[in-house]
Amino acid sequence: MDSGGRVSARVALLTAACLLAVSAVATAAGLSDAQRLGKRIYMEGKGRKKIFAFLEEPWLNAPGAGFPCINCHLAGGTGQLEGGIQSSDISYFNLTKEYTGERPSGRVHPAYTEETIRTAITSGLDPAMNDLGLAHPRYEMETEDLEDLIAYLKIMDHEPVPGVTDNEVRVGILLPKRGPLAEAGGEVRELLSGYFAEVNARGGMYNRSLVLLPVPFDPSRKDGALSSAKATVEAEDVFCFLANVGGQAGDETARYLSAKKVPVLVPLLSAPESGFGTGRYTFHVLASIRDQARVMTDFLAERLKSPGNRVGLLYASDSSGKGGAEGVKEQAKKHDLVLAPEVSYSAGTFSASEVVSRLRGDNVNAVLFFGGRREALAFAREADDREWRPLFVAPATMVGNALQTAPPKFLSSVFVASPFKTPDPASQRMAEFFSLGDKYDVGKRHRTFQF
């Protein structure tokens, strides 16, 4: 089954949005305490004490977190045109330089000073006492928060960013040194290295070269990926991570990178829930497990048209499994699907014999599965041994290729949901993909990972 018809249309948009958003979420490096606190006010509207934003036209008084400066003025303070309103360039250099005549805002006034910047923030007046405009909030904040914000404004447009120099942007990728995913990770690394080389040959990104930084880790160690990620982040050697191999959505490494505000682009995993998943610095390209579960449920509703069909729900009691279960239960209400037993299991406690006995004993016609590779294969073998072959539907991002070795008769009733549309091998897009692999001698054993 291919769920791409419902979700793949947004993949290209998500990819572009991730790249744009990443430019605005770099972690502060080498900032003073005041600058760091000021950055939080600018980015999140949160200070040491409560901050409030007042808008005159709708007569609205709201928490500052609802109107952070970055929403209108963007990272670096350059401003933007939105809804017919041009927000100003509030970089400190631009605010404090002298103009002869009318400024880009259409007003005439002297250069800003620290004192008049304070007035603009709290009273909405420029140095000549002109109104800044009704769209500009007036902020109520404590003096120490105001001083922090100005301290950050002074360095905002030339703030040091980890992994970024005048000439390059360093992009990390976590790769297992050994184990079943080591070879696939190597092919992904080769493909991205080749793609970066092509981008750099065309001038790079924002006049900087993209540099891929492999970060190897030992998957046999419990904290292997985490310790490698920490060492790289603490060395301030990387701007973001892309296509990490061997992790799970929301695992300890993902939580660490999110807490450190390191952007992570995730094309190889599905988030448990819709939206950002791990946090605002983590960008999933694929549809969430919850959204895939809805499509899978629609598929079964079409497939099982006879009344009285019973659907079993089998899932791991982790975030991804629970996300899938919630999606199924929500969508099942829209159809005449009877969800019979609901079976969950914790890591290391799965018993294929017990699960098959329970589901078969409840006369289940189909099983929606949201668990790992080992459990999927164990279930398939146990069910086949008992000559019980219900429809078995699972997301590809969770079970991978584990079912390729399942008994052939069981496989005849297996459907795996893909979060993206199957590519057309004859398309121009795929021709470029294959050409890139050939040019840079990328292996061909793990093309799905590469794609």
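Measuring from centroid to centroid over Cα atoms, what is the spacing of segment 62-97 and segment 126-180 in Å? With segment 62-97 and segment 126-180 each reduced to a Cα centre, they are spaced 11 Å.
Each of Phe434 and Lys333 was given a label point 7 Å from its Cα along the Cα-to-Cβ line. The distance between the two points is 4.7 nm. The angle separating the long axis of helix 319-332 from the principal Cα axis of greatest extent in the chain is about 80 degrees. Scanning residues 5 or more positions from Val338 or on other chains, those with amide H under 5 Å from its amide H are Val311, with H placed 1.01 Å from N in the peptide plane. Packing, taken as the mean count of other beta carbons within 10 Å per residue, orders the peptides 101-112, 378-389 from highest to lowest as 378-389, 101-112.
Within the same chain, aspartates and glutamates fewer than 8 places from Lys222 are excluded, and of the rest, those with a Cα less than 12 Å from its Cα are Asp251, Glu252. In segment 302-400, Cα pairs under 8 Å separated by at least six residues give a relative contact order of 33 percent.
Rounded to the nearest 10 degrees, the inclination of helix 114-123 to the longest alpha-carbon principal axis of the chain is 60 degrees.
Normalising by the residue count of segment 148-295, find the relative contact order in percent from Cα pairs under 8 Å and 6+ residues apart. Mind showing how you got there, number by number?
Values: 240 pairs, mean separation 32.3, N = 148.
Dividing the mean separation by the residue count of segment 148-295 yields 22 percent.
For the residue pairs Lys230/Lys261; Lys46/Lys230; Lys50/Lys260, alpha carbon separations beyond 19 Å are given by Lys46/Lys230; Lys50/Lys260.
Here the chain has 51 percent of its accessible surface on carbon and sulfur atoms, given a 1.4 Å probe and all protein chains in place.
To the nearest ten degrees, helix 428-439 and the longest principal axis of the Cα atoms of the chain are 90 degrees apart. Using a simple spin-label model with pseudo-atoms 7 Å out from Cα toward Cβ, Glu342 and Thr96 lie 6.0 nm apart. What the pair-distance distribution of segment 21-136 shows, using all Cα-Cα distances binned every 5 Å from zero, is 2, 10, 18, 25, 22, 14, 7, 2 percent. Normalised by 2.2 N^0.38 Å, with N the number of residues, the alpha-carbon radius of gyration of the chain equals 1.18.
Placing dummy labels 7 Å off each Cα toward the beta-carbon, the span from Glu183 to Lys305 is 4.4 nm. Let me know the whole percent of all Cα-Cα pairs from segment 129-240 that are separated by more than 21 Å. The proportion of pairs with Cα distances above 21 Å equals 59 percent.
Within the straight-line cut-off of under 18 Å between alpha carbons, the aspartates and glutamates reachable from Lys305 are Asp336, sequence neighbours fewer than 8 places apart in one chain being disregarded.
Computed over protein heavy atoms with a 1.4 Å probe, the accessible surface of the chain works out to 51 Å² per residue. If you average the alpha carbon positions of segment 260-325 and of segment 404-451, how far apart do those two centres end up, in angstrom? The distance from the Cα centre of segment 260-325 to that of segment 404-451 comes to 21 Å. Looking at segment 141-233, the GluC sites (Glu not before Pro) that sit in a DSSP loop and have at most 13 other Cβ atoms within 10 Å of their own Cβ are Glu142.
Expressed as cubic angstrom per residue, what is the convex hull volume of the alpha carbon set of segment 178-267?
Values: hull volume 8.7 nm³, N = 90.
Hull volume normalised by residue count: 96 Å³.
Mean residue ellipticity at 222 nm from the helices of the chain, using -39,500 (n - 2.57) per DSSP H segment of n ≥ 4 over the full residue count, to the nearest 500 deg cm²/dmol? Don't jump to the answer; show the numbers that get you there.
Details: 18 runs with 175 residues, N = 451.
Taken over the chain, the calculation gives -11500 deg cm²/dmol.
Compute the Kirkwood hydrodynamic radius of segment 32-96, taking the inverse of the mean of 1/r over all pairs of distinct Cα atoms, and give it in Å to one decimal.
On the way: mean 1/r = 0.0780 Å⁻¹.
With all distinct Cα pairs of segment 32-96 included, I get 12.8 Å.
I'd like the antiparallel share, as a percent to the nearest 5, of DSSP beta bridges with both residues in the chain. Mind dumping the intermediate values first?
Working: 12 of 47 bridges.
Of all bridge pairs located within the chain, approximately 25 percent are antiparallel.
Global size of segment 294-451: 17.6, 56 Å for Rg and Dmax (C-alpha atoms, Rg to one decimal, Dmax whole). Principal axis analysis of the Cα atoms in segment 230-378 yields extents of 60, 31, 19 Å, listed in decreasing size.
For Glu144, what is the net charge nearby, where nearby means another residue's Cβ is under 10 Å from its Cβ and Lys, Arg count +1, Asp, Glu -1? Counting the neighbours of Glu144, the net charge comes to -2.
The values are calculated or read from the model by the stated rules, or taken from the named source; none is laboratory data. Predicted, not measured: the structure shown is a model, and the values here were computed from it. Cβ sites come from the backbone with ideal geometry, for glycine too, and all protein chains shown count toward neighbours. The protein model used for the area step is the full one, side chains on, heavy atoms only, and it has no ligands, DNA or RNA in it. Shrake-Rupley method; radii C 1.70, N 1.55, O 1.52, S 1.80 Å.
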